[in-house]
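Worksheet for the structure shown next.
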Amino acid sequence: MRKITRRSFLAAAAACGAAAALTACGGSSASSAAASSAAPASSAAASAAADGQKFTIGICQLVQHAALDAATQGFEDALTASFGENVTFDFQNAQGDSATCATITNGFVSSGVDLIMANATPALQAAQSATNSIPVLGTSVTEYGVALGLTDFDGTVGGNISGTSDLAPLDQQAEMIVEWMPEAKKVGLLYCSAEANSQYQVDEVQKYLEEKGVTATQYAFSDSNDLSSVCQKAADENDALYVPTDNTVAANTGIVDGICRPAKKPVFAGEEGICAGCGVATLSISYYDLGYTTGEMAVKILNGEADISTMPIEYTDVTKKYNKTICDDLGLTVPDGYEEIEG
């Protein structure tokens, strides 16, 4: 296991064109959202901070890419705004390996951290297996019922787990594809078969596209080693591609762009970071704000103001965004209501 030095949010945001552009939907930027919510959170945690109570937070992040980096930074910023120097973060990056997530989270349990933040689905699944007593907050997780194998999920996980979801409405994602490509007959759904939430998203988008008379075919790759060959097949056989909030694609957008842009095949993405790297349009959320909200949840838990077993999963709104460079290269006309991804 290797610790990765934390990168600043600005560097991560620049990489995905998400600095000032990664706004919280509802019109507030990441910084303004943080500023507006920091005051009550700080007040809520004042007693713990005044008493000098110190907290250690274990952060397990699946892989290093701009969206997950931004979520982690937002999480850390929310806790630091409340507890200052009385909070310490043990940040560990699993380098995209689920087994390493298990090693990391088991290590957090052994060291007795006060709370675990699990950034992405495999990290959450590992934390679920590692402990049923230490509070666990997920972020950058699409569908908690699917991720945790809950057949009766009603919006609250219960036990020692809660968190935030990066799910953009999947029916609206299907509508976005048809809005941009009304003549498209076939859409390829590209995803990593090892990511349960990716499978959930493509299943749902496939259903919604087929309701609109579009043939949607799934193209699953097992890891980054066969991404190129599967992506090439999908590009050859379809008018456009859709990629969900898939961590493997997010870390390898150059492969997808190198195949699809020369082939003049538009890629529609489940999140802004992927869209910035290889897509034409997305329904975007601010991962920084998502992480910040997760951090605010952590403050309430650590301060004894909230019972994690009753905390529902929190969501955020979306903003329509497009990648000007790729749209220009493909000669696409941008529909009304889309904001340009900056960067």
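On the basis of being modelled with pLDDT of 95 or more and more than 24 Å from Ala71 (Cβ to Cβ), does Gln199 make the cut?
no
Just to be sure, is Gly213 of a type outside the set (D, E, K, R), outside the structural domain of Tyr292 (by TED's automatic domain parsing), part of a loop (DSSP other than H, G, I, E, B) and at pLDDT 95 or above?
Spelling it out, Gly213 is indeed of a type outside the set (D, E, K, R), outside the structural domain of Tyr292 (by TED's automatic domain parsing), part of a loop (DSSP other than H, G, I, E, B) and at pLDDT 95 or above.
From (1) in a helix (DSSP H, G or I); (2) buried (at least 18 other Cβ atoms within 10 Å of the Cβ); (3) within 22 Å of the chain's Cα centre (by Cα); (4) not β-branched (Val, Ile, Thr), pick out the condition that doesn't hold for Met117.
Met117 satisfies every listed condition except (1).
In segment 277-293, which residue that is of a type outside the set (S, T, N, Q) and closer than 18 Å to Leu189 by Cα is surrounded by the fewest Cβ atoms within 10 Å (Cβ to Cβ)?
Leu283
Tell me which residues, restricted to segment 192-204, are crowded, with 24+ Cβ neighbours inside 10 Å and closer than 16 Å to Ala168 by Cα.
Asn197, Ser198, Gln201, Val202
Restricting attention to segment 94-136, report how many residues are closer than 20 Å to Ile308 by Cα and acidic (Asp, Glu).
Residues in segment 94-136 being closer than 20 Å to Ile308 by Cα and acidic (Asp, Glu): 1 in total.
What number of residues in segment 319-332 are β-branched (Val, Ile, Thr) and out of contact with any Cys (no Cβ under 8 Å at 6 or more places or on another chain)?
The qualifying residues number 1.
Given the condition among the hydrophobic types (A, V, I, L, M, F, W, C) and assigned to a strand (DSSP E or B), answer yes or no: does some residue in segment 66-76 qualify?
For segment 66-76, residues among the hydrophobic types (A, V, I, L, M, F, W, C) and assigned to a strand (DSSP E or B): absent.
Mind checking which residues of segment 63-93 are in contact with a Leu (Cβ under 7 Å, 6 or more places away or on another chain) and without any contact (Cβ under 8 Å) to a residue 40 or more places away in the chain?
Val87
May I ask you to list pairs of residues, at least six apart or on different chains, whose Cβ atoms are under 9 Å apart, with the first in segment 94-110 being farther than 22 Å from Thr56 by Cβ and in contact (Cβ under 8 Å) with a residue 40 or more places away in the chain and the second being part of a helix (DSSP H, G or I) and β-branched (Val, Ile, Thr)?
Listed by first residue and then by second, the contacts come to Gly96/Thr248.
Among the residues in segment 58-79, are any buried (at least 24 other Cβ atoms within 10 Å of the Cβ), β-branched (Val, Ile, Thr) and more than 19 Å from the chain's Cα centre (by Cα)?
no
Consider Ala102 against the criteria (1) surrounded by 21 or more Cβ atoms within 10 Å (Cβ to Cβ); (2) modelled with pLDDT of 95 or more; (3) in a helix (DSSP H, G or I): it satisfies all of them except one. Which criterion is unmet?
Failed condition: (1).
So that you can scan it fast, the table gives a plain yes or no per residue for (1) in a strand (DSSP E or B); (2) over 20 Å from the mean Cα position of the chain (by Cα); (3) free of Cβ contacts under 8 Å to residues at least 12 places away in the same chain:
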residue: Ser129; (1), (2), (3): no, yes, no
residue: Ile134; (1), (2), (3): no, yes, no
residue: Ser140; (1), (2), (3): yes, no, no
residue: Ala147; (1), (2), (3): no, no, no
residue: Asp154; (1), (2), (3): no, yes, yes
residue: Glu175; (1), (2), (3): no, yes, no
residue: Glu179; (1), (2), (3): no, yes, no
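So for segment 96-109 (the condition being touching a helix residue (DSSP H, G or I) at 6+ places or on another chain (Cβ under 6 Å), in the same structural domain as Met311 (by TED's automatic domain parsing) and β-branched (Val, Ile, Thr)), does at least one residue qualify?
Within segment 96-109, one or more residues are touching a helix residue (DSSP H, G or I) at 6+ places or on another chain (Cβ under 6 Å), in the same structural domain as Met311 (by TED's automatic domain parsing) and β-branched (Val, Ile, Thr).
The values are calculated or read from the model by the stated rules, or taken from the named source; none is laboratory data. All values reported here derive from a predicted model rather than from experimental measurement. Using ideal geometry, Cβ is built from the backbone for each residue, glycine included, and neighbour counts are taken over all protein chains shown.
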